[in-house]
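The values are calculated or read from the model by the stated rules, or taken from the named source; none is laboratory data. Just so you know, these numbers come straight off a predicted model, no measurement behind them. We place every Cβ from the backbone using ideal geometry, glycine too, and count neighbours over all the protein chains shown. What goes into the accessible areas is simple: the full protein's heavy atoms, side chains included, and nothing from ligands, DNA or RNA. Shrake-Rupley method; radii C 1.70, N 1.55, O 1.52, S 1.80 Å.
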Amino acid sequence: CDIKIEQECFCGKGKKLQPCGTGIKVKVILPVKDQQAQPENENENDEEKERETFVWKYSCKNKCNKQLSCKNHRCTLICHNGSCSNCPRKIETPTRCACTKTTFKDITRKSCKERLPVCDKKCGRMLGCGQHFCRKQCHDSKCPLCQLQVKKKCRCGASEKRFKCHDYQKKLKNYLENNETAIFLGQQDAWIRCGKKCKRVKSCGKHTCAEICCPGRTSRTYYEGHQCREVCNKPLPCGRHRCSSYCHRGSCNPCGVTYRNGVECACGSVFVPGPFQCGTRDIPTCQQSCDKVLRCGHLCAAKCHHGDCPPCNRLCSKECPHGLMVHNMPCHIEHRSCGNPCGFVLSCGIHTCNKSCHFGPCEESTQKKGCGQICGLELKCGHNCTSKCHAGNCSASSCKAQITVQCKCGNTSEKQYCRGRTEYELKAVPCSENCQIAERNKRFAEALNIDTRKTSKSSHDNDTNSEQKESGKIRIPFAASVLKRILKWMNDDKSHTTIIKQDKKILQPKFVYYYENVFAAYISDDSQDLNKFKSQYPDITTLVSSKSDPIINLKPMSSEQRYIVYSLITSYHLRYEKKENSGKRGSSYLEISKTKHCRIPDHLLSEALIEYQIRGNEISTLESMPPSSIIVIDDSTDISSSLIQDRLLAWTGDYRMWRNDANQLFIVFTDQNARNSALTEMKKFGGRKATQSDSLNANMAHKKNQQKKKKLKAQQQKDSQQKSQRGSSGNANAGWSTKGDAHAITFNNMAKLKPNNLNIKMNNRFG
């Protein structure tokens with residue numbers, strides 16, 4: 001039946017129109033008045049009779065919520081047919097506990113609101129998940145949510161995920177509400193996804209599936225998602241069309257275009273009569289030129305074609321907005337620029353357009369006030385207006401140029417904004433304590449007849465290098481012994497060329513130049529993959545890792561070359577480690593990595609080598625120790641060198657240390673700035689600035705250290721010579737006589753020495 005009737009739900013809360021005959025047939029009793037019966041008394045009402053009938057009802061899927069017979073609780077079932085359930089807390093005799101497993105004869109309840117007794121058994125009621133039972137002890141309260149862990153496979157079946165049962169049921173319910181067919185297709189767990197890509201080859205054999213957690217990832221049968229749905233688009237054998245089928249294996253099908261009326265070129269010179277299928281006949285190409293007249297007046301130089309003609313590419317001359325002729329440009333380019341500044345006066349009437357020659361308006365249509373350039377007009381205070389172009393007069397009070405305002409005596413000053421004030425409108429700043437000190441010193445100087453006129457102000461760099469100026473020498477932060485050793489190797493190495501500089505013939509430090517550029521590029525490249533460094537130095541091996549800073553491996557080199565690289569690494573504050581090649585014996589390389597203090601030094605080794613060759617004795621090297629670059633620790637008995645090195649980690653390569661016999665520790669820095677910045681850290685160990693006498697003591701300690709090294713080196717050479725002489729003699733045991741049996745003592749009866757336990761207390765370098 002197509003007629004719709006109004007139906008009421010079982011709980012009586014909702015009504016809606018539904019097709020006649022749908023729903024559930026329900027028998028109801030309706031009251032009916034009997035009009036045939038005559039009443040004995042006229043004032044008596046008509047008798048009411050009841051009759052049975054059937055109506056159609058439906059379930060609205062909401063809670064019934066009808067009041068139960070106990071009058072205290074309501075029905076919790078979904079809108080249903082028939083009578084409601086009994087009260088879950090009904091009064092029974094004998095009384096049952098909350099889990100209904102135990103009866104209590106001595107307990108009597110008068111109302112269903114009274115608490116139910118509890119027993120020692122497990123509750124056992126079904127939880128809200130509908131899968132598991134309550135494991136708590138019998139309780140007169142609502143059972144908790146199901147906390148059991150359940151394992152469920154993802155959609156592709158590659159991995160498993162753990163859920164709390166009630167969370168899983170909740171998510172499953174939400175998914176099934178939006179996907180009603182999932183349960184029939186067996187895909188109720190399709191909402192569980194892993195992060196793996198499919199990567200299975202599709203039906204075409206070329207493209208791969210990139211879907212996350214694909215259901216057909218492990219399927220060995222047909223799967224619709226792995227059918228390639230990209231258009232093939234390959235050129236067909238006919239040469240005129242492309243394949244419009246889905247991407248496929250093998251060769252494409254023949255062209256399906258049919259020319260029923262034949263094919264004719266645009267000018268009519270070539271005609272192939274039809275009908276025929278494209279690809280079955282050769283269609284010649286028309287070699288005639290188009291020769292259609294274009295908008296510019298030239299003829300189209302392209303070959304015969306259908307459709308619009310291409311732009312005219314004939315070279316010609318046209319005017320720019322300034323009226324100048326711009327030559328040798330394709331004809332279709334209408335807007336040409338001569339490259340000169342535009343120069344047209346803008347709407348403000350003050351400024352001119354600073355763009356290069358262009359077409360179109362000089363100002364943007366969105367510009368509301370002014371032309372958008374900086375005003376630049378001179379204010380009454382003498383400064384220029386820094387606001388954007390504006391209407392009306394400039395406001396001098398908004399001038400933010402910084403000026404210096406002094407006190408009355410001129411000893412105190414501070415920076416202020418101009419605010420359009422002239423020289424006569426400025427208010428002097430109040431005098432400070434420095435002014436009183438300056439006045440007092442001035443009176444003392446006048447009383448003692450001392451000349452206090454100031455000479456020209458020296459810069460900060462001149463203050464830091466005052467000792468160098470007094471001695472007339474330039475100081476470089478490298479030891480003379482290091483420079484001499486490098487120059488000796490450069491002189492022996494034939495690859496280093498000589499150059500003329502300041503009328504002197506010097507060696508060019510080509511090797512040092514190369515590795516200075518390598519380390520500078522390595523430090524400057526902050527990227528994790530070192531792409532910029534690799535493009536500059538492709539021959540240097542790089543090791544890139546996501547967990548640590550990138551590392552570079554230098555080529556195997558000789559011991560003298562490694563010595564030079566060590567000197568460079570120290571000044572660049574890099575970390576190195578010597579590695580041995582397993583394949584080649586004796587070939588070692590250096591592995592370089594960054595530190596948090598790595599930087600490009602101010603003084604380069606290559607510049608020091610050139611200066612040392614030119615000036616020689618005029619240069620003050622690291623061995624010269626002015627007091628301005630020394631920190632002295634008077635009592636260094638309990639202070640180890642490793643502890644100082646840890647504290648001065650940020651100044652690695654900028655200092656050297658020596659001790660004298662009086663347990664004084666001298667820390668000599670490359671310059672005064674490095675000394676001053678490290679002094680704060682060294683004051684924790686009793687460090688102080690050095691005096692002239694400390695400088696002499698440091699020089700003496702350095703000389704003694706050098707003498708010890710020379711003696712040790714001479715002793716080592718002497719020992720090596722003696723060993724070589726012994727090896728060259730025919731009898732190694734000459735001058736020795738054997739007494740007793742030479743074979744009396746063997747390895748088996750030789751006495752075994754007990755190992756001595758050495759109790760050595762090591763200094764903690766990181767303490």
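Quick notes
- In the assembled protein chains, V293 presents an accessible area of approximately 110 Å² (probe radius 1.4 Å).
- In region 63-164, the ratio of gyration radius to Kirkwood radius, Rg to Rh, stands at 1.11 when only Cα atoms are counted.
- Modelled FRET efficiency - R0 56 Å, Y563 with N441, Cβ distances, 0.05 increments: 0.50
- Extending 7 Å from the Cα toward the beta-carbon at both E92 and N531 defines two label points whose distance is 7.6 nm.
- Solvent-accessible surface ranking, highest first, for F104, F359 at 1.4 angstrom: F359, F104
- Relative contact order of region 108-204, taken over Cα pairs closer than 8 Å and 6 or more residues apart, is 19 percent.
- The coefficient of translational diffusion for region 89-143, derived via Stokes-Einstein from the alpha carbon Kirkwood radius under 10 °C and 1.306 mPa s, stands at 135 µm²/s.
- Ordered from largest to smallest accessible area (heavy atoms of protein chains, 1.4 Å probe), the residues D492, D654 come out as D492, D654.
- Measuring with a 1.4 angstrom probe and ignoring ligands and nucleic acids, L604 comes out at about 40 Å² accessible.
- Theoretical gain in end-to-end length, K161 to N434 [0.36 nm per residue, Cα-Cα removed]: 90.8 nm
- Accessible surface for C267 stands near 70 Å², nearest 10, in the context of the full protein assembly shown (1.4 Å probe).
- Subtracting the Cα-Cα distance of K15 and K66 from 0.36 nm times their residue separation leaves 16.7 nm of extension gain.
- Here K170 and I523 are evaluated by their C-beta separation; at R0 = 45 Å the FRET efficiency comes out at 0.20.
- Length gained on full extension, H383 to H207: 56.5 nm, using 0.36 nm per residue less the C-alpha separation.
- A 1.4 Å probe over all protein chains sorts Y424, Y566 by accessible area into Y424, Y566, starting with the largest.
- Note on region 249-367: Cα Rg divided by 2.2 N^0.38 Å, N the number of residues, gives 1.84.
- Computed from the C-beta positions of K153 and Q288, the FRET efficiency with R₀ = 56 Å rounds to 0.20.
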